[in-house]
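One structure is given here, and the rest of the page talks about it.
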Amino acid sequence: MARGKVQMRWIENPVHRQVTFCKRRMGLLKKAKELSVLCDADIGVIVFSPHGKIYELATNGNMQGLIERYKSNLPEAQVESNEQNIPLVIQQDVLLLRQEVDCFRIA
């Protein structure tokens with residue numbers, strides 16, 4: 001027997017909304033764990049409840065380690081770490097010049 005499609009809209013009843021949040025949160029975390037096991041992926045999930053409570057899952061290690069790994073793999077983070085002390089106007093000029101150089105390399 002197949003389930004019917006759930007209409008995506010805000011749940012007005014606060015009790016039903018809380019029950020749905022708990023069920024969906026657990027389902028999301030379960031799927032993240034399954035994906036991690038099946039595909040050997042490192043996964044981090046952060047969920048903030050309507051009441052401000054934080055739920056997190058880090059499948060390999062801890063959340064702080066995953067966040068640091070994420071930050072180190074961002075190309076912008078590498079550029080920003082080298083240019084932290086340069087004033088904003090100079091950073092914008094450098095960015096424009098880099099874009100011009102990249103245009104010449106492509107042509």
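Here are the numbers:
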{"quantity": "Candidate set from the stretch 33-81 (those that are in a loop (DSSP other than H, G, I, E, B) and touching a Phe, Trp or Tyr at 6+ places or on another chain (Cβ under 8 Å)); member that is modelled with the lowest pLDDT", "calculated": "Pro50"}
{"quantity": "Tabulated pairs, the stretch 2-25, first assigned to a loop (DSSP other than H, G, I, E, B), second surrounded by fewer than 10 Cβ atoms within 10 Å (Cβ to Cβ), C-beta under 9 angstrom, 6+ apart or interchain", "calculated": "none"}
{"quantity": "Condition met for Leu28 (touching a strand residue (DSSP E or B) at 6+ places or on another chain (Cβ under 6 Å), modelled with pLDDT of 90 or more and surrounded by 12 or more Cβ atoms within 10 Å (Cβ to Cβ))", "calculated": "no"}
{"quantity": "Residue in the stretch 8-16 that is under 30 Å from Arg69 (Cβ atoms) and of a type outside the set (Gly, Ala, Ser) present", "calculated": "no"}
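The values are calculated or read from the model by the stated rules, or taken from the named source; none is laboratory data. All values reported here derive from a predicted model rather than from experimental measurement. Here the Cβ is made from the backbone with ideal geometry for all residues, glycine too, and neighbour counts use every protein chain on show.
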